[in-house]
Amino acid sequence: MPHDFDQSRRYIRQTIFAPIGKSGQDQIGAAKIAVVGCGALGSAIADQLARAGVGSLRLIDRDFVEIHNLQRQSLYTEADVRNRMPKALAAYERLSLVNSTIEIEPVVDDLNSGNIARLLDGADLIIDGTDNFETRYLINDFAVANNRPWIYGGVIGSYGMTMTIRPGITACIRCVFPEAPPPGVAPTCDTAGVIGPIVQLVASYEVSEALKYLVGAIDKLNTGLLAIDVWQLTSDRVPTGGPNPTCPCCGLREFTYLNAPADDRETVLCGQDSVQVRLANPVEIDLGQLAKRLSGAGEVVQSKFLLRFTDAATDRELTVFPDGRAIVRGTTDGDEAKRLYATYVGN
Ligand SMILES: [Zn+2]
């Protein structure tokens, strides 16, 4: 369909901003960025990148839209909740309405060691919109092993952090946080909540870093760990220096997360009273047949993209995707989740 707009005017406010200019806009337009996670941070990041005209965006998310997301996940609507939309697809649909001149590729999947090379293939830059350290360490391993820059961001409560990682030049995330905090020790969005403004702020820092990187404003990049609290009105930037020679990732180049086998496994999801169950080898599940099979055991609702089943006996809710991945709600016990999966989905 031909556009009714004069596209040459689309980025005019950005191109008259001298540090970007027309040539910077061309570089932004030629760039390929992968956004990992399309929750709160990922929504805000993808929205800004699409509007800024990043030529190619890959949006990766494993989850679907729920009512408690709307408070801060700015791409989604009540219709997405009603339609049980996977976030990556809802984001794709929304951003296609915002900017039809760029390429947007939604990926409904969980980033793991088995698929990271494929899912991040070709990305000039990777941006973190995830909510857990395991995935961040995996991204960090991939980025260092493949010499690809990435931007870390995280939020909790009214507090957020961000760091820009250029392998071989700056510290990596494991130089700064060598180990993930043990489960249950660090506050999570589950226990501490999170407010919208800190999400938007950290996302804005991450996108500003991306734009600087893309236009070659390397001397303007963040070379520290920036921490901000919008409630306390505090902000700190701790210089992180260069790569640490004893860092397990960028110093010793032991890519523990990247080399971990992608076995069948379960992951407790942040802030959701949920466990994800995935198979090492994705299978193709006929959701229609599964719906028929499960209809006697509880309530089944099916959409084009997923099936939701509520087990009448335990009240646990299973959301099953066509590749066999499932999210079990109502428990944080991995064994229970796997048991329910085996009972109802099979395998
Ligand atoms: Zn390091």
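What the table shows:
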read-out: Selection status of Pro282, assigned to a loop (DSSP other than H, G, I, E, B) and touching a Cys at 6+ places or on another chain (Cβ under 8 Å); value: no
read-out: Residues of segment 303-315 satisfying the condition of being without any contact (Cβ under 8 Å) to a residue 60 or more places away in the chain and crowded, with 17+ Cβ neighbours inside 10 Å; value: Leu307, Phe309, Thr310, Asp311
read-out: Selection count, segment 171-189, where residues are near the ligand (Cβ under 9 Å from one of its atoms) and either closer than 18 Å to Asp236 by Cα or modelled with pLDDT of 95 or more (or both); value: 6
read-out: Pair list, Cβ < 9 Å and 6+ apart or interchain, from segment 194-219 residues that are farther than 14 Å from Pro149 by Cα and not assigned by TED's automatic domain parsing to the domain that holds Gly53 to residues that are surrounded by fewer than 18 Cβ atoms within 10 Å (Cβ to Cβ) and of a type in the set (A, V, I, L, M); value: none
read-out: Number of the condition not met by Phe309 [criteria: (1) outside any strand (DSSP E or B); (2) farther than 24 Å from Asn132 by Cα; (3) at pLDDT 90 or above]; value: (1)
read-out: In segment 241-257, the residues that are within 12 Å of the ligand (Cβ to nearest atom) and within 14 Å of Glu134 (Cα to Cα); value: Cys249, Phe255
read-out: Options Ala291, Ala280, Ala260: the member that is within 15 Å of Tyr137 (Cα to Cα), surrounded by fewer than 19 Cβ atoms within 10 Å (Cβ to Cβ) and away from the ligand (no atom under 16 Å from the Cβ); value: Ala260
read-out: Checklist (1) in a loop (DSSP other than H, G, I, E, B); (2) surrounded by fewer than 18 Cβ atoms within 10 Å (Cβ to Cβ); (3) in contact (Cβ under 8 Å) with a residue 12 or more places away in the chain applied to Glu254, failing item; value: (3)
read-out: Search result, residues across segment 330-347 that are farther than 18 Å from Arg308 by Cβ and either outside any helix (DSSP H, G or I) or within 23 Å of the chain's Cα centre (by Cα) (or both); value: Thr332, Asp333, Gly334, Asn347
read-out: Residue check, Gly296 small (Gly, Ala, Ser), assigned to a loop (DSSP other than H, G, I, E, B) and assigned by TED's automatic domain parsing to the domain that holds Ser113; value: no
read-out: Residue in segment 217-240 that is nearest to the ligand (Cβ to nearest atom), counting only those that are small (Gly, Ala, Ser) and buried (at least 16 other Cβ atoms within 10 Å of the Cβ); value: Gly224
read-out: Residues satisfying the stated conditions in segment 318-334, i.e. under 17 Å from Gln272 (Cα atoms) and without any contact (Cβ under 8 Å) to a residue 40 or more places away in the chain; value: Leu318, Val320
read-out: Residue within segment 126-134 that is of a type in the set (Phe, Trp, Tyr), in the same structural domain as Ala34 (by TED's automatic domain parsing) and at pLDDT 95 or above present; value: no
read-out: Odd one out for Lys87 among (1) farther than 27 Å from Phe309 by Cβ; (2) touching a residue at least 40 places away in the same chain (Cβ under 8 Å); (3) among the charged types (D, E, K, R); value: (1)
read-out: Index of the failed condition, Asn112 passing every other in (1) assigned to a helix (DSSP H, G or I); (2) over 19 Å from Ala203 (Cα atoms); value: (1)
read-out: Output for segment 134-158, where each listed residue is surrounded by 18 or more Cβ atoms within 10 Å (Cβ to Cβ), away from the ligand (no atom under 15 Å from the Cβ) and not polar (S, T, N, Q); value: Ile151, Gly153, Gly154, Val155, Ile156
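Every residue, every condition in (1) in contact with a Pro (Cβ under 8 Å, 6 or more places away or on another chain); (2) not aliphatic (A, V, I, L, M), yes or no:
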| site | (1), (2) |
| --- | --- |
| Ser100 | no, yes |
| Glu105 | no, yes |
| Asp128 | no, yes |
| Leu138 | no, no |
| Pro149 | yes, yes |
| Ala171 | yes, no |
| Leu201 | no, no |
| Ser204 | no, yes |
| Ala210 | no, no |
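The values are calculated or read from the model by the stated rules, or taken from the named source; none is laboratory data. These figures come from a predicted structure and were not determined experimentally. No Cβ is skipped: glycine too gets one built from the backbone with ideal geometry, and neighbour counts run over all protein chains shown.
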